[in-house]
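Peer 1: First the structure, which I've put down as structure tokens, then a few questions once you've had a look.
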Amino acid sequence: MGKRFSRSTDGEVDVETVYAVLSGPDWAAQRAVALGDDSELVSRVETPDGGVSLVITRAVPAGGPGFLQKFLPSDPRVTTTDIWGPSVDGVRRATWSVVLAGTPASVRGTITIEPTPTGNRHTIDGEVRVPVPLIGGKAESFIADQLVRLADAEAGVVRQVLNP
């Protein structure tokens, strides 16, 4: 079944400005500094249609619940891939996925940056699936909650980058 989540943030700048931050070559480093994590850029490829494929890796934050610890590898890292398409009618969209090697979890979704009368709305929609009997639902809820917190933190990073 999976656990779905969604988070939207409104900003006062145009869509392309937010897109430039979220798809830019410095996004991993900006996240790493602002969030105190070890985000690293794996690859960034601009596509002929004006989109970007962005791959970032980082360590799984410590302090997860004990029932999840036994499913994590000894040095758990997540790899996030964002595939941004071209601007269509002033809207930017991406599909994203997260891979945590060696685990049964599946995490994916979409990102939308759309114009509003006062700037933009940045929305992250996703679904977490952990097909493990007995604890899968608890794991899905925990991961989804963490991803909503991360979306809020990343929105703060975008604001910080745009308003130093």
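Read-outs throughout are calculated quantities, based only on the coordinates presented, and are distinct from any laboratory measurement. Small disclaimer: the values here were computed from a predicted structure and weren't measured. No Cβ is skipped: glycine too gets one built from the backbone with ideal geometry, and neighbour counts run over all protein chains shown.
Peer 1: How big, on average over all directions, is the shadow cast by the Cα convex hull of the stretch 95-152, in nm²?
Peer 2: On the way: hull surface 17.8 nm².
It is 4.5 nm².
Peer 1: Counting Lys and Arg as +1 and Asp and Glu as -1, each charge on the Cβ, what is the dipole of the chain about the Cα centre in debye, to the nearest 20?
Peer 2: Its charge dipole is roughly 660 debye.
Peer 1: Let me ask something else about it. In a shell of Cβ-Cβ distance under 14 Å around Thr118, excluding Thr118 itself, what net charge do Lys and Arg (+1) and Asp and Glu (-1) give?
Peer 2: Values: positive: Arg121; negative: Asp10, Glu12, Asp14, Glu114.
Summing Lys/Arg as +1 and Asp/Glu as -1 gives -3.
Peer 1: Provide the per-residue ³J(HN,Hα) series for the stretch 89-101, in order, calculated from phi with Karplus coefficients 6.51, -1.76, 1.60 and θ = phi - 60°, each as a whole number of Hz, with x at glycine and proline positions.
Peer 2: 6, x, 10, 10, 10, 9, 9, 9, 8, 10, 10, 10, 3
Peer 1: Now, a different point. Taking square-rooted eigenvalues a ≥ b ≥ c of the alpha carbon gyration tensor, is the chain rounded, prolate or oblate, where a/c under 1.5 means rounded and, failing that, a/b exceeding b/c means prolate?
Peer 2: Working: a/c = 1.82, a/b = 1.65, b/c = 1.10.
Prolate.
Peer 1: So what is the calculated 222 nm ellipticity per residue for the chain, using -39500 (n - 2.57) for each DSSP H run with n of 4 or more, over all residues, to the nearest 500 deg cm²/dmol?
Peer 2: Numbers: 4 runs with 48 residues, N = 164.
Here the helix-only value at 222 nm equals -9000 deg cm²/dmol.
Peer 1: Related question: Please turn the phi angles of the stretch 106-123 into ³J(HN,Hα) values with the Karplus equation 6.51 cos²θ - 1.76 cosθ + 1.60 (θ = phi - 60°), one per residue in order, whole Hz, x for glycine and proline.
Peer 2: Each residue's phi maps through the Karplus curve to give 10, 9, 7, x, 9, 10, 10, 10, 10, x, 10, x, 10, x, 8, 10, 10, 10 Hz.
Peer 1: Taking Cα atoms, how many degrees apart are the long axis of helix 136-162 and the longest axis of the chain, rounded to 10 and kept between 0 and 90?
Peer 2: The answer is roughly 30 degrees.
Peer 1: OK, next. Run the numbers for Ile135 and Arg108: contour at 0.36 nm per residue of separation, minus the present Cα-Cα distance, in nm.
Peer 2: Numbers: separation 27, 0.36 × 27 = 9.72 nm, distance 1.97 nm.
Full extension from Ile135 to Arg108 adds 7.8 nm.
Peer 1: Could you give me the ³J(HN,Hα) list for the stretch 35-46, computed from phi with Karplus coefficients 6.51, -1.76, 1.60 and θ = phi - 60°, whole Hz, x at Gly and Pro?
Peer 2: Calculated HN-Hα couplings, in order: 9, x, 10, 10, 3, 9, 6, 8, 7, 9, 10, 7 Hz.
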